[in-house]
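Beneath this line is the structure, given in structure tokens, with notes to follow.
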Amino acid sequence: MAVAGDPRRLYRLAQKGQLCALREELRGAGGVGCVGPAGDTLLHCAARHGHRDMLAYLVESWDMDIEAANRDYKRPLHEAASMGHRDCVRYLLGRGASVDCLKKADWTPLMMACTRRNLEVIRDLVEHGANPLLKNKDGWNSVHIASREGDPVILQYLLAVCPDAWKTESKVGRTPLHTAAMHGCLEAVKVLLKRCQYQPDCRDRCGSTPLMDALQCGHIDVARLLLEQHQASTSAQDSLGAQAIHRAALTGQNEAIRFLVSELGTDVDVRAAGHLTALHYAAKEGHVSTVQVLLSLGADINCKDARSRSALHLACTGQHAACVALLLRSGLRDAPDDSGPGSAARPPRRSPAVLRPQRGAVMGDGASAEDGRARGDARPARGAP
């Protein structure tokens, strides 16, 4: 038989909302001093699972502290707000809970409510004084979080009660528009473009624009909107000189690449810093299907970067055997780069899977076995995009 006041039993009862059983257990134990996993109190547990009557019983009968923090500095109000339990939120606020208390990483209950897309809870918190302009440790405010979740009604509400909330950047210079574009939240992007005055091609600390973010994540509908309503530029460059097509190649977004080249007329061989093309980026990451798409769109398979490296060099450096095989089958041949004498496209660890198709191509060109061994001993190309 379980001992009266056993913490594990108490927390199970609190999770299930079994108030009568919990009341009997606490009377037998004579107190509620136990602390559960992660430093939670029974109030945390009741708030997390939405048991308003249990919250009231613990506060009013046992005088439990509504500002008690667990090991992550979460208060019961954080728990209720993050799970969208409006009745618990309203009860705690009515009892005087601090509305802008901070948990670990400086998240407020309002920020956590924005992750649940619960307008009623958000409105309750704001009406009790929650500040949408507060930022967490990454520099995000509530509008950033609402933009990531993509609910246009919540965004409209936050901008209505705090019209300047859109004028914010994270610690790496990202705006709510960047966030909504990256996560493909089309309706949120529409709201932000209509209600806010973002500059076309606003850049974060890495030089990335909302259009780049949308395309590198494959959100073509968002990209269309930014092009049509925000005069975004496909030729804008990030801090490394990469354009939207390079970013799309880096993440293997084939449809985005087709959209840029076939519909918008982007040069498939346009160069980034170091004369890298989209084909270089795709090969470096080992995106076989993306290499195929680029070649089908007319990419120059023999293009070289500023160090005379072809896509084959970068595929070898990344140990991408399937990509190496595709490039060789497509007609690309091994050649030295500018790293020094004999620096042909060889993988650093000479992976057999990478070397096998390459040796076949070398021998097929009439080179001797001795030449092949010499190339195998050559110093590999260094570096990558």
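Things worth noting here:
- Restricting attention to segment 325-347, the residues that are of a type in the set (Lys, Arg), modelled with pLDDT under 95 and surrounded by fewer than 20 Cβ atoms within 10 Å (Cβ to Cβ) total 1.
- Residue in segment 242-259 that is β-branched (Val, Ile, Thr), part of a loop (DSSP other than H, G, I, E, B), surrounded by fewer than 19 Cβ atoms within 10 Å (Cβ to Cβ) and over 25 Å from the mean Cα position of the chain (by Cα) present: no
- With respect to the conditions (1) among the hydrophobic types (A, V, I, L, M, F, W, C); (2) closer than 26 Å to LEU215 by Cβ; (3) crowded, with 17+ Cβ neighbours inside 10 Å, ALA322 falls short on a single one, namely (3).
Table: residues versus (1) touching a helix residue (DSSP H, G or I) at 6+ places or on another chain (Cβ under 6 Å); (2) among the small types (Gly, Ala, Ser).
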| position | (1), (2) |
| --- | --- |
| ALA165 | yes, yes |
| ARG174 | no, no |
| CYS185 | no, no |
| VAL189 | yes, no |
| LEU193 | yes, no |
| ASP201 | no, no |
| LEU215 | yes, no |
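- Test: residue in segment 224-240 that is over 19 Å from ARG203 (Cβ atoms) and either within 22 Å of the chain's Cα centre (by Cα) or part of a helix (DSSP H, G or I) (or both): yes
The values are calculated or read from the model by the stated rules, or taken from the named source; none is laboratory data. If you're wondering where the values come from, they're calculated on a predicted model, not measured in any experiment. Every residue, glycine among them, receives a Cβ derived from its backbone with ideal geometry; neighbour counts consider all protein chains shown.
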